[in-house]
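Notes follow the structure.
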Amino acid sequence: MLAHELRNPLAPIGAAAELMSRPNAGKELMLRTSAIIARQVRHMTGLVDDLLDMSRVSRGTITLDKEFLDTTSVINDAVEQVTPLLRAKRHRLELEPPSQPLLFEGDRKRVIQVLSNLLNNAIKYTPDGGLIRLSMTQVDEHLEIRIKDNGQGMDGTTLANAFELFVQAKRSSDRQLGGLGIGLALVKKLVELHGGEVRASSRGLGQGSEFLVRLPTSRRAS
């Protein structure tokens with residue numbers, strides 16, 4: 001599966017490189033093909049990064065660099081990472097920040113990684129022009145983050161195994177969405193390292209999905 005997913009981007013990269021080498025390649029063609037190469041390289045880098053992170057988590061070698069984080073700043077950074085894919089699929093993203101400023105303790109890089117992975121998942125599995133909502137609220141001593149989409153949804157079997165390593169990839173190897181089925185498994189591990197939990201829900205195929213992340217809070221911003 002890894003070889004298959006890493007090989008997929010090589011075809012468009014090779015085709016783009018061939019077009020760029022033509023003597024009559026103009027500026028517009030060069031810009032278009034270089035964008036293709038950059039996009040595919042980012043995809044391959046993401047696959048490798050996910051594999052490395054999952055390996056570190058499995059071996060217990062990831063350590064969290066915790067600090068007090070502002071929810072608004074974390075949301076903005078996560079959204080920035082997924083904006084290119086969001087625009088490419090013409091989705092509308094609705095953000096619902098907490099009703100008041102909220103600080104929580106966590107590893108900034110890893111929390112952003114959790115949110116961007118969940119947003120990427122929603123974007124990929126929602127048909128073009130869909131709607132994705134990200135909301136944050138405080139419930140008791142926890143920060144609740146919900147990412148909801150109106151995409152393809154999940155049946156009972158997929159839902160029950162959503163966070164298992166490689167399960168998604170085995171089911172979707174014939175599709176063009178790509179991925180190794182690592183993203184959600186990594187999300188679960190990173191959330192648990194923060195002392196939190198993550199859940200998935202869906203009313204069924206074609207009825208969208210929702211992911212809920214609960215992280216312990218430390219104190220409110222003054």
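The values are calculated or read from the model by the stated rules, or taken from the named source; none is laboratory data. Here the structure is a predicted model, which is why all the values come from computation and not from measurement. We place every Cβ from the backbone using ideal geometry, glycine too, and count neighbours over all the protein chains shown. Remember, those area values only see protein heavy atoms, side chains included, never the ligands or the DNA or RNA. Shrake-Rupley method; radii C 1.70, N 1.55, O 1.52, S 1.80 Å.
Restricting attention to the range 168-209 and to residues that are polar (S, T, N, Q) and open to solvent by less than 60 Å² (accessible area, probe 1.4 Å), the residue that is modelled with the lowest pLDDT turns out to be 173.
Listed conditions (1) open to solvent by 50 Å² or more (accessible area, probe 1.4 Å); (2) β-branched (Val, Ile, Thr); (3) part of a strand (DSSP E or B) are all met by residue 157, apart from (3). Conditions first: (1) surrounded by 18 or more Cβ atoms within 10 Å (Cβ to Cβ); (2) within 27 Å of residue 63 (Cβ to Cβ); (3) at pLDDT 95 or above; (4) of a type outside the set (Ser, Thr, Tyr). Residue 212 passes all but one, so which condition is the exception? Here residue 212 clears every test but (1).
You will find that of 140, 149, 155, the residue that is free of Cβ contacts under 8 Å to residues at least 12 places away in the same chain and of a type outside the set (A, V, I, L, M, F, W, C) is 140 and no other.
So, residue 73, is that one without any contact (Cβ under 8 Å) to a residue 24 or more places away in the chain and surrounded by 13 or more Cβ atoms within 10 Å (Cβ to Cβ) or not? Considered against the rule, which asks whether it is without any contact (Cβ under 8 Å) to a residue 24 or more places away in the chain and surrounded by 13 or more Cβ atoms within 10 Å (Cβ to Cβ), residue 73 comes out as no. Within the range 5-26, the residues that satisfy the criterion of being assigned to a helix (DSSP H, G or I), modelled with pLDDT under 85 and open to solvent by 80 Å² or more (accessible area, probe 1.4 Å) are 7, 10. Here residue 47 meets the list (1) open to solvent by less than 40 Å² (accessible area, probe 1.4 Å); (2) free of Cβ contacts under 8 Å to residues at least 40 places away in the same chain almost entirely, failing just condition (2). Within the set 147, 112, the sole residue that is modelled with pLDDT of 90 or more, closer than 21 Å to residue 55 by Cβ and among the β-branched types (Val, Ile, Thr) turns out to be 112.
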